[in-house]
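Report on the structure given below.
The values are calculated or read from the model by the stated rules, or taken from the named source; none is laboratory data. Treat the numbers as computed from the prediction; the structure is a model and nothing was measured. All Cβ positions, glycine included, derive from the backbone under ideal geometry; neighbour counts span all protein chains shown. Side chains included, ligands, DNA and RNA excluded: accessible areas come from the protein's heavy atoms. Shrake-Rupley method; radii C 1.70, N 1.55, O 1.52, S 1.80 Å.
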Amino acid sequence: MKYEIAVIPGDGIGPEIVKEACGVLDRVGEVFGHSFHYTEVLMGGASIDVHGVPLTDEALETARRSDSVLLGAVGGNVGNSRWYDAAPHLRPEAGLLAIRKGLGLFANIRPAYLYRELSSACPLKESIIGDGFDMVILRELTGGLYFGERYTKEVDGALTAVDTLTYSEHEIRRIAVKAFEIAMKRKKHVTSVDKANVLDSSRLWRKVVEEVAAGYPEVTLAHMLVDNCAMQLVMNPGQFDVILTENMFGDILSDEASMITGSIGMLSSASLNEGKFGLYEPSHGSAPDIAGKDLANPIATILSAAMMLRYSFDLDREAAAVEEAVQKVLSEGYRTPDIMAEGGIQVGTAQMGRLICERI
Ligand code: NAD
């Protein structure tokens, strides 16, 4: 089969890690008889430097016409990049919000998996890690507080800021359906996270999630308050299979879950629309501190490409081949500096990509 992929290298380490992920896709193509065709798209600081905006309409259109999108990362050094003082809609990260909204990417999937080989980097005690953990966080991505009406105005002589948290039944239902569909392919357990003891939006969330759950009798459903979930993630992470939650709670909990895996350089993510179309990117940012030095770990981006094979192209065997190759490289002791430990063999970005290709 032939697949059209829009590739957004972005800023910082983005171009280096995306190059390795495309190399891995090419290797999959050779071995399994597929052809991947790439069209490069500018976004973030790279687009601001050329077009003055973080995402042009043409770039969005190219992404929309493709079968899926592979993204590195966008953004510069927080506090002192040449884009830092621009108006909010002219900053690199505005490109991310625009492409998610423009492509209707409402479902963000972030796996948090503990590789046995890297468990020494996990900040949790051995007694808590137990048999390890393997969860997926499903975060609603285009609604809630980050997209609601917001303003700051003076009220009775004091500046007052307002952010609005809005969710419709429709927005909750479609993300809940995705969560149950994913759970059906995994351990069949969904934990829905909300703040139903306080928020109206959370009460509606709970009601709609229960309606959706009724259609999946094989999947067990638990509700958990967000503050408890933040604690449970570090007390007993093994209890989770699929965590389903709204935009802001998901933003925070998915970073917490990344942290307990030991390395942000290993974590993939996917953002999907109602169909098979998706944008795939590592969970980390553009790491400007190590850009251009062959130090970046490309595995998160390579595993994101594997998610693309599975979720957008239905190539499960090919996705598993990439995941197994990553596992093999780690078992053989190869490490980029961010996951280096005593006894490991340190390699750079390009060599890590090459080693993974050779094992597919
Ligand atoms: P970051 O994830 O870029 O970096 C945090 C730390 O992790 C740094 O020390 C970095 O060197 C390290 N790191 C990250 N990815 C790594 C990898 N693959 N290999 C080895 N080490 C890695 O987060 P930050 O420093 O807070 O943000 C930097 C820029 O990235 C900012 O402009 C921010 O807005 C942007 N950002 C973009 C995205 C995105 O494009 N989706 C996400 C988060 C942050």
- Message: As a test of reading the structure, rank E93, E323, E20 by solvent-accessible area (1.4 Å probe, protein chains only), most first.
- Response: E93, E323, E20
- Yeah, segment 123-260 with a ≥ b ≥ c from its alpha-carbon gyration tensor (a/c under 1.5 is rounded, else prolate when a/b outruns b/c, oblate otherwise) is oblate
- Task: Enumerate the amide H contacts of E40 below 5 Å, restricted to partners 5 or more residues apart or on another chain; note that Pro and chain-start residues carry no placed amide H.
- Result: V7
- Message: Restricting to DSSP loop positions (anything but H, G, I, E, B) with no more than 13 other Cβ atoms inside 10 Å of their own Cβ, which GluC sites (Glu not before Pro) remain in segment 208-300?
- Response: E218, E274
- Please report the Cα spread of segment 205-312 along all three principal axes, rounded to whole Å, starting with the longest. 51, 34, 22
- Message: Taking θ = phi - 60°, what integer Hz values does the Karplus form 6.51 cos²θ - 1.76 cosθ + 1.60 yield along segment 312-327, in sequence order, with x for Gly and Pro?
- Response: 8, 10, 6, 9, 5, 5, 5, 4, 5, 4, 5, 4, 5, 5, 4, 4
- For labels at D289 and E149 in the simple 7 Å Cα→Cβ model, what's the distance in nm? 4.1 nm
- Item | Dipole magnitude of the chain about its Cα centre (Cβ charges: Lys, Arg +1; Asp, Glu -1), debye to nearest 20 | 480 debye
- Between T39 and S168, the FRET efficiency computed from the C-beta separation at R0 = 41 Å comes out, to the nearest 0.05, as 0.75
- Note on the structure: Taking a probe of 1.4 Å and leaving out DNA, RNA and ligands, segment 1-81 shows per residue an accessible area in Å² of 42 Å²
- Give me the distance in nm between label points sitting 7 Å out from Cα along the Cα-to-Cβ direction at K207 and N273, one decimal. 3.0 nm
- Item | Whole-angstrom gap from segment 55-107 to segment 307-345, using each part's C-alpha centre | 27 Å
- Run the quick spin-label model on N228 and A214: label points 7 Å from Cα toward the beta carbon, then report their separation in nm to one decimal. 2.4 nm
- Message: Apply the Karplus curve 6.51 cos²θ - 1.76 cosθ + 1.60, θ = phi - 60°, to the phi angles in segment 22-33 and return the couplings in whole Hz, x for Gly and Pro.
- Response: 5, x, 5, 4, 4, 5, 4, x, 4, 6, 9, x
- Query: Which net charge results for the neighbourhood of V18, defined as the other residues with beta-carbon distances under 12 angstrom from its beta-carbon, given Lys and Arg at +1 and Asp and Glu at -1?
  - Reply: -4
- Query: Which lysines, on any chain, are close to K195 with Cα under 23 Å apart, when same-chain ones fewer than 8 places away are left out?
  - Reply: K178, K207
- Using the heavy atoms of the protein chains and a 1.4 angstrom probe, tell me the accessible area per residue for segment 91-179 in square angstrom. 49 Å²
- Item | Amide H contacts under 5 Å for S192, placed H, 5+ residues apart | A222, H223, M224, L244
- Query: Tell me, what ³J(HN,Hα) does each residue in segment 145-153 have, in order and in whole Hz, if you take phi through Karplus 6.51 cos²θ - 1.76 cosθ + 1.60 with θ = phi - 60° and put x for Gly and Pro?
  - Reply: 4, 6, 10, x, 5, 9, 6, 10, 9
- Just A176, A321, A112 to compare: in a GNM of the chain, with alpha carbon springs under 10 Å, which one fluctuates most? A321
- Note on the structure: In Å³ per residue, the alpha-carbon convex hull of the chain encloses 150 Å³
- Message: Given a 1.4 Å probe and heavy atoms of the protein chains only, how would you sort S68, S119, S35, largest accessible area at the top?
- Response: S35, S119, S68
- Lys, Arg +1 and Asp, Glu -1 on Cβ, resulting dipole of segment 232-360 about Cα centre, debye, nearest 20: 380 debye
